[in-house]
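The values are calculated or read from the model by the stated rules, or taken from the named source; none is laboratory data. The structure displayed is predicted, hence computed values, not measured ones. FYI the Cβ positions are ideal-geometry reconstructions off the backbone, even for glycines, and counts take in every protein chain you see. The protein model used for the area step is the full one, side chains on, heavy atoms only, and it has no ligands, DNA or RNA in it. Shrake-Rupley method; radii C 1.70, N 1.55, O 1.52, S 1.80 Å.
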Amino acid sequence: MWNDTEVARGLKLAAPIVQGPFGGGLSAVDLVVAVSEGGGLGSFGAHHLDGAGIRDVAGRIRARTRRPFALNLWIPLGDSDDPQLTDADWRAACERLRPYFDELGLPLPARPARFGPRYQEQIEALLELAPPVFSFVFGVPAPDVLERCRRSGTRTLGTATTPAEAKLLADAGVDMIVATGLEAGGHRVSFLARPEDCLTGTLALVPQVVDTVRVPVIAAGGIADGRGVAAALTLGAAAVQVGTAFLACEESNAAPPHRAKLFSEDARRTTLTRAFTGRLARGIHNGIIDALRDEESRLPPYPVHSWLMGQLRPAVLAAGRTDLISLWSGQSAPLLKHRRAAPLLASLVEEAGRLLT
Ligand SMILES: Cc1cc2nc3c(=O)[nH]c(=O)nc-3n(C[C@H](O)[C@H](O)[C@H](O)COP(=O)(O)O)c2cc1C
């Protein structure tokens, strides 16, 4: 059977299809439950949550499904867990965005004590919760974290944008590897080299990663229908991770104007930008991307710029300003047809099955 892959067997899934996690508050328990109950692997991106938030999400997922699911975190990269920033840097970062704060009638924010939750707190919550799957991006967890996952039966799923990253993850003992091509929506999660130098497409990346590691590979980036699933499995992947197509479903926590954009003509033009978080990520092209293009090399490191942009977000959404918000999307958006997760999952399975049998 086409769907009886190493990943499906290992995780007891009816279909080798992972719903990609979404950071920044765009994941939703409803989406995780719909996908996991449908026989795929639902994932919740928890990097914006503290320990209590992660415990709450896991409790709500477990209350609604007994099927496997994944919790996802970002591994600290550089000084991202506690960015070193002088007061002058902070003031410059604020001044750069002053025109937007002014336009929306907001005061410039005061410097916060922290720019995001502590990773150590997040990982302690995750280890205590022992979810069926721990997926992560931007690096490799410490050996003792991987060891505790192994002991508690949590399967680990790391993410690579190059064969070298895949090898590092596999050598560290990570159970499965997502190979993510440049088509993917959201961040380029490279951690060994600049993301600008890790822009291989899924079609070329997946077989290279399959040839590099012995653990199962999950293909991500540009897959939004059964043709993509069939192609990825033919390339040697043991599952696919689908992001944009699930983000577009009503169960996700994407804002309605964002979801509408994914189905619009504008989604034909996506671009890689640092404008929203300071890190390179793919979204639908809009005005603020152009406005900040020349500033990209001078933006403060993640998560400082990301935190500042987050301060604008509620007012931007209230004003319906899609020229100013991040409209994350992969290159597959023009292929989207489904607005609910269950029919999307069913069509991926049905079409891939037809093509592969
Ligand atoms: C809005 C958005 C947020 C994302 N956040 C995360 C994240 O926090 N962690 C992660 O592992 N992957 C994240 N991803 C990547 C997806 O899980 C998935 O791998 C990717 O979207 C697959 O490519 P596709 O968009 O072409 O389907 C994100 C993707 C999007 C579109």
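With the whole protein complex present, W90 retains an accessible surface near 20 Å², based on a 1.4 Å probe. Rounding to the nearest 10 and keeping the result within 0 to 90°, find how far the Cα-based axis of helix 51-64 lies from the longest principal axis of the chain. With both axes taken from Cα atoms, the answer is about 40 degrees. Quick check for you: which residues of the stretch 177-202 have the amide N under 19 Å from the point 7 Å beyond the Cα of D211 toward its beta carbon? Answer for the stretch 177-202: 177-182, 198-202.
The chain: percent of C-alpha pairs farther apart than 30 Å? Let's see the in-between values first.
On the way: 20756 of 63546 pairs.
Cα-Cα pairs in the chain separated by more than 30 Å: 33 percent.
Ignoring lysines fewer than eight residues from K167 along the same chain, the ones with Cα atoms less than 27 angstrom from its Cα are K12.
Backbone N atoms of the stretch 25-44 closer than 19 Å to the 7 Å Cα→Cβ label point of E250 belong to residues 27-38.
If you add up the charges near R66, with Lys and Arg at +1 and Asp and Glu at -1, over every other residue whose beta carbon is less than 12 angstrom from its beta carbon, what do you get? Local net charge: +3. Between R313 and E103, the contour length at 0.36 nm per residue exceeds the Cα-Cα span by 74.3 nm. Counting protein heavy atoms only, the chain has 51 percent of its accessible area on carbon and sulfur, 1.4 angstrom probe.
Annotation: extensible slack from A130 through R9 equals 41.6 nm (criterion: 0.36 nm per residue apart, minus Cα-Cα distance). Computing FRET efficiency as 1/(1 + (r/R0)^6) for R354 and L272, where r is the C-beta to C-beta distance and R0 is 51 Å, gives about 0.90. Loop-located trypsin sites (Lys or Arg not before Pro) in the stretch 65-159 (DSSP state other than H, G, I, E, B) with a sparse environment of at most 16 neighbouring Cβ atoms within 10 Å: R66, R114, R118.
Using the Cβ-Cβ distance between A88 and D144 with R0 set to 56 Å, the FRET efficiency from 1/(1 + (r/R0)^6) comes to roughly 0.90.
Solvent exposure of the stretch 109-171, expressed per residue, is 42 Å² of accessible area, with all protein chains present and a 1.4 angstrom probe.
Under a Gaussian network description of the chain, with springs only between Cα atoms under 10 Å, the residue in A34, A319, A93 that fluctuates furthest is A319.
Under 13 Å from the Cβ of A230, count the other residues' Cβ atoms, weight Lys and Arg +1, Asp and Glu -1, and hand me the total.
Values: positive: R227, R354; negative: D225, E350, E351.
That works out to -1.
As a calculated quantity, the FRET efficiency between R66 and A172 at R0 = 35 Å, using C-beta atoms, amounts to about 0.70. From the square roots a ≥ b ≥ c of the eigenvalues of the alpha-carbon gyration tensor of the stretch 102-246, which class results: rounded (a/c under 1.5), prolate (a/b over b/c), or oblate? Because a/c hits 1.5 or more and a/b fails to exceed b/c, the stretch 102-246 counts as oblate. Label sites at E121 and D197, each approximated as a point 7 angstrom past Cα along Cα to Cβ, lie 3.5 nm apart. Bridging of K261 to lysines at a Cα separation below 23 Å is possible for K337, once same-chain residues fewer than 8 apart are set aside. Other residues lying with their Cβ under 12 Å from the Cβ of A248 contribute a combined charge of +3, Lys and Arg counting +1, Asp and Glu -1. Computed from point charges on the beta carbon alone (+1 for Lys and Arg, -1 for Asp and Glu), the dipole magnitude for the chain about its Cα centre is near 700 Debye.
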